[in-house]
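All remarks here apply to the structure that follows.
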Amino acid sequence: MLRKLHDRPATPTGRIPSHEDDLALARAVRAREPAALERFVRRMGCVPRMLRRQNGRLGGPLDGDDVDDLTQDVLVVIWRKLDLFEGRSTLETWVYRICRLELMNGIRRKRRRPDLMDDAERTPDDATAEPEDDAEAALRGLERLGPPASDVIRWKHFEALTFDEIAHRLGVSSNTVKTWYYRGICRLRDQLERGAGSDADAVEGGAT
Amino acid sequence: MNAGAPSSRHRSHEERLAPVLVGDLSADAPEVREWRADCAECAAALDRLLRLTATLDRIGEQERRDVVAVADEVSDAPADDRVRAVVERLADAEDAPPAAAGRPTIPPWLVLVAAALAVFLVARFLRSPAVPPTDPGRPSGVTLGAPLAMEPSGTVAAVRAFTWEADADGADRFVVRVLDPRGRPVIDPVEIGAPPWTPDDALLRRFPAEFTWEVSVVSVTGEVVATGRRDVTVRP
């Protein structure tokens, strides 16, 4: 049974979950341990829910069948990338980021193919409209940024860690982390201002 | 550095912006208000950076909320049968021995019988009223599994061979299409009997850096029974 995220035991820092259990689970799945596969299947029940939630927040551009198809695609991506999961976030957070990128790709794909859309779904701007907003552009920019800056920025803003906690996690000084953060944020801003954030060239699910 | 040339009153924008961005200095601190009034470039650069960090905070907050909510739902729910089916299929596909390994030897007489049967069926097919051709670009109903494990997919360094997996039963051939980002065909549809499809260099040169490719599974009756698509971006 999945432990609820907020019930996870904290490490001695008091705030940083180790995610070691999730990393062990991913490795056990790759080793085809039956109990691990069963737990993995249960936890991947989050995929359709995350996709429906994210799709709903965007106004439901994909219909139920599309989301079902996308669920299968996302599971394939997760399966292929499971070796890349490093336990730097919970499995659900890692999956959530994959869902988000795949959903945006799915919406973009659908809007490029008007023949796949029902009349009711089509709007005058659909031929050229891109579903990307500031948030998606920032996320894709982060994927391009690469570590350590992308990790530092994710941990700071997505996991609400302090610079000291990040420094502890990485085994470097806080000043080093701040330098990586500041330069990363400036590079990200430059990318977005150049419009590079709209490119669909993010590495799918690369975020861990 | 990134924020343009500084004025003569400070060595770089960085020395002003960095302490605020990393939280060592509040954006409302008197000295920040002072230099904001003093240097329009610094003020504009700071505003842009703070907007970006606010966006990141918003993404993070939404992500944390969603992940916890969904994890709560899943923890109390039974396993999703569709998820189980896909995961088991993926695991089985990886665990299956290569098709060629351990394949039993087919007796020659069986080959002859199969060949004769094939000739008979082809001849009968050619004599029968033509089956209305189906536009292979429009799936008319899915009875076979859509192509899985389609590669390339996502961002890749280079494109060489196109591979996929599909249910063998009922799949007679495949039609591959390559579309540009506006959905226009880049090449004529290619019909092949089995994956992989390896276009030659001249054909590959016509592919844009970003394209969508799709595989339609065509049955023996010419009906498109499943289609899979993948977006590809070739890293410059």
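The values are calculated or read from the model by the stated rules, or taken from the named source; none is laboratory data. These figures come from a predicted structure and were not determined experimentally. With ideal geometry, Cβ positions are generated from the backbone for all residues, glycine too; neighbour counts draw on all protein chains shown. Remember, those area values only see protein heavy atoms, side chains included, never the ligands or the DNA or RNA. Shrake-Rupley method; radii C 1.70, N 1.55, O 1.52, S 1.80 Å.
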Sequence of A:Trp180, B:Trp197 from largest to smallest accessible area, 1.4 Å probe: A:Trp180, B:Trp197
Highest to lowest packing among B:174-181, A:181-188, scored as the average C-beta count within 10 Å: A:181-188, B:174-181
Projected label distance in nm at B:Ala44 and A:Asp21, using a 7 Å step from Cα toward the beta-carbon: 5.1 nm
Accessible area, probe 1.4 Å, largest first, for residues A:Phe163, B:Phe120: B:Phe120, A:Phe163
Shielding by partners - mean other protein chain Cβ count within 10 Å, residues of A:91-97: 4
